[in-house]
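Below is one structure, written out as structure tokens, with a few remarks after it.
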Amino acid sequence: MVGTNTKQSSTVVEVLNPDGVGPVVLVCEHASAHIPEAYNNLGLSPATRDSHAVWDPGARALAARLSKALNAPLIAGRVSRLVYDCNRPPESPGAMPEKSELIEVPGNQGLNDEDKAARVEQVYVPFCNAVGEVLEARESNAIPTVLVTIHSFTPLYFGKPRNVEIGILHDTDSRVADAMLAQSELIAPRVVERNSPYGPADGVTHSLKIHGIEHGLMNVMIEVRNDLLETEAAQDAIADELLGLLASSLKELGLVIMGTSHHA
């Protein structure tokens with residue numbers, strides 16, 4: 001099992017390995033399917049409470065493996081993205097969506113400004129503060145930092161299959177993405193694509209912008225199709241592939257990762 005050394009954790013955010021001094025800081029906004037009792041399951045049916053609409057299946061498990069292997073801090077959400085999506089700003093309709101793909105979210109319909117503000121304060125603000133604390137500590141200790149956010153996506157969206165297996169996403173800073181895409185033959189025959197299955201126009205680069213670009217940090221978002229993360233063995237395999245790709249890519253950018261295996 002992956003270690004779960006935590007610090008600065010709360011009911012809405014957990015921080016693993018906060019003192020890790022590797023060159024990467026990991027963020028996993030959609031790590032949990034948990035809906036606090038006060039929200040009455042947001043009115044969702046039992047069949048949808050563990051679906052990809054509620055969280056990113058496999059993303060936390062993958063991020064935890066990368067955290068251990070990279071000696072990297074990991075900030076992960078502990079509340080479903082349907083309560084509040086920490087990869088969206090408060091003004092975005094996607095922050096507390098009334099509908100996700102084909103799934104209606106009754107508990108998000110008709111929210112007033114007070115309801116929305118409460119969720120911002122209860123979920124989004126603590127999450128952002130946790131990321132900020134880790135980044136500030138590293139800056140004060142002059143630790144070189146690349147921000148890497150970890151997500152998973154569904155193989156079937158609105159009934160349409162997605163062939164891409166790993167998406168390398170970026171906003172205005174494409175340095176890490178460019179390096180990873182240039183090295184992507186290292187994980188051939190994986191289907192690896194730029195800004196796919198989403199991109200900046202879809203509003204998915206919020207964390208990259210506020211935690212990475214605004215702080216002058218190189219950054220990238222990694223999306224893995226969730227059918228590639230269904231078992232521990234599969235998660236190990238993808239983690240090893242991404243470790244090799246990250247190590248090679250960051251070396252091209254002047255950063256060295258010491259050791260690239262997640263195994264103890």
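Only the coordinates and a few stated rules stand behind these numbers; no lab work does. Worth saying up front: this structure is predicted, and the values here are computed from it rather than measured. Cβ sites come from the backbone with ideal geometry, for glycine too, and all protein chains shown count toward neighbours.
Which residues, counting only those in segment 46-77, are assigned to a helix (DSSP H, G or I) and of a type in the set (Ser, Thr, Tyr)? Lay out the reasoning, then the answer.
Residues of segment 46-77 assigned to a helix (DSSP H, G or I): 46-48, 59-70.
If the condition is that a residue be assigned to a helix (DSSP H, G or I) and of a type in the set (Ser, Thr, Tyr), then Thr48, Ser67 are the ones that fit.
Applying the criterion of at least 3 residues that are free of Cβ contacts under 8 Å to residues at least 40 places away in the same chain and closer than 29 Å to Gly43 by Cβ to the helices (runs of 4 or more DSSP H) found wholly in segment 103-184 leaves 113-119.
Flag not set for Ser80, criterion: more than 30 Å from Ala137 (Cβ to Cβ), small (Gly, Ala, Ser) and part of a loop (DSSP other than H, G, I, E, B). Candidates Gly216, Gly203: the one that is at positive phi and free of Cβ contacts under 8 Å to residues at least 24 places away in the same chain is Gly216. Evaluation of Asn41 against the conditions (1) surrounded by fewer than 19 Cβ atoms within 10 Å (Cβ to Cβ); (2) touching a strand residue (DSSP E or B) at 6+ places or on another chain (Cβ under 7 Å) shows that the sole unmet condition is (2). Restricting attention to segment 201-250, the residues that are within 16 Å of His151 (Cα to Cα) and part of a strand (DSSP E or B) total 7. Among what's in segment 210-237 and is under 15 Å from the mean Cα position of the chain (by Cα) and hydrophobic (A, V, I, L, M, F, W, C), pick the residue that is surrounded by the fewest Cβ atoms within 10 Å (Cβ to Cβ). My answer is Ile210.
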